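Okay, structure first, notes after.
The values are calculated or read from the model by the stated rules, or taken from the named source; none is laboratory data. Small disclaimer: the values here were computed from a predicted structure and weren't measured. Virtual Cβ from ideal backbone geometry, glycine too; neighbours counted across all protein chains shown. These accessible areas exclude ligands, DNA and RNA; they are computed on the full protein's heavy atoms, side chains included. Shrake-Rupley method; radii C 1.70, N 1.55, O 1.52, S 1.80 Å.
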Amino acid sequence: MVCSRCKIMVKTELEKAGLQPVSVDLGEVEIKEGPNPAQLKQLETSLNALGFELIDDQKSRIIEQIKTLIIEHVHYAETQSPLKLSALLTSKLNYDYGYLSNLFSAVEGTTIEKYYIAQRIEKVKELLVYNELSLSEIAFQLSYSSVAYLSSQFKQITGMTPSAFKALQGSKRTNLEDI
């Protein structure tokens, strides 16, 4: 789950399956009582139809928590944390960063850093499309060291400059869950 609408959809499906959600957060659900096999199957089917999946093993949960923390950090935080990404993940998940990095790379086929960069570039695209901030304001908001570095990374990932992208008016945006 990567947005508030996702949380609403999941909560609705839990209730349809006869389950009582205590909390529904990005990537994580707590229910009052464990589901019986029929409820679990119904829930899995309905969630799969909506593009979600149940994750029940520890390693997959950690991967989803990493993704959720990165998405929240990049897309929803009012201000960027002064902590480095590695320190942020370590403090929130209580695992050594080396373990998190190796696990993420083995399962996802990409590094945490590349995933983080992809999320930041999607946020840059979003802000460019809204056309409310200058490129230097975007660089500052997303804690880039300079506009030149943001532009360089943007071109490396998208194949075009931020101004060329802006001219396209965002036709190259990607859904968060597809990154």
Net charge over other residues, Cβ less than 13 angstrom from the Cβ of Gln39 (K, R count +1; D, E count -1): -1
Net length gained if the chain between Val147 and Thr161 were fully extended (0.36 nm per residue, minus Cα distance): 3.9 nm
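So if the hydrodynamic radius of region 58-174 is defined as the Kirkwood radius over C-alpha pairs, what does Stokes-Einstein give as its diffusion coefficient at 37 °C and 0.692 mPa s, in µm² per second?
The estimated diffusion coefficient comes to 218 µm²/s.
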Spin-label model distance (nm) - Ala38 vs Val129, 7 Å beyond Cα toward Cβ: 4.3
Extension gain (nm, one decimal) between His75 and Glu28, 0.36 nm per residue minus Cα-Cα: 15.1 nm
Separation of the Val107 and Lys16 label points, Cα + 7 Å toward Cβ, nm: 2.6
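Set the Förster radius R0 to 22 Å, insert the Cβ-Cβ distance between Glu137 and Asn175 as r into 1/(1 + (r/R0)^6), and round the FRET efficiency to 0.05. Walk me through the intermediate numbers first.
Working: r = 25 Å, r/R0 = 1.13.
Computed FRET efficiency for Glu137 and Asn175 comes out at 0.30.
Carbon and sulfur atoms: what percent of the 1.4 Å accessible area of the chain do they account for? Write out the running numbers ahead of the final one.
Values: 5280 of 10580 Å².
Ligands and nucleic acids excluded, carbon and sulfur reach 50 percent.
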Net charge dipole size for the chain [Lys, Arg +1 and Asp, Glu -1 on Cβ; Debye, nearest 20]: 520
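Determine the per residue accessible area of region 114-170 with all protein chains present and a 1.4 angstrom probe, expressed in square angstrom. Before the final figure, lay out the partial values.
Working: 2950 Å² over 57 residues.
Per residue, region 114-170 has an accessible area of 52 Å².
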Cα shape, region 114-170, gyration tensor, a/c 1.5 rule: rounded
Cross-link reach list, lysines versus Lys41, counting only Cα pairs under 28 Å and skipping chain neighbours closer than eight places: Lys7, Lys11, Lys16, Lys32, Lys59, Lys67
Estimated FRET transfer efficiency (Asn48, Cys3; beta-carbon r; R0 22 Å; 0.05): 0.75
Shape category assigned to region 1-54 from the gyration tensor of Cα positions, a/c cut at 1.5: oblate
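I need the calculated FRET efficiency for the pair Asp96 and Ser60, taking r as the beta carbon distance and R₀ as 25 Å, to the nearest 0.05. Spell out each step's value before the answer.
Values: r = 19 Å, r/R0 = 0.74.
Plugging the Cβ-Cβ distance into 1/(1 + (r/R0)^6) gives 0.85.
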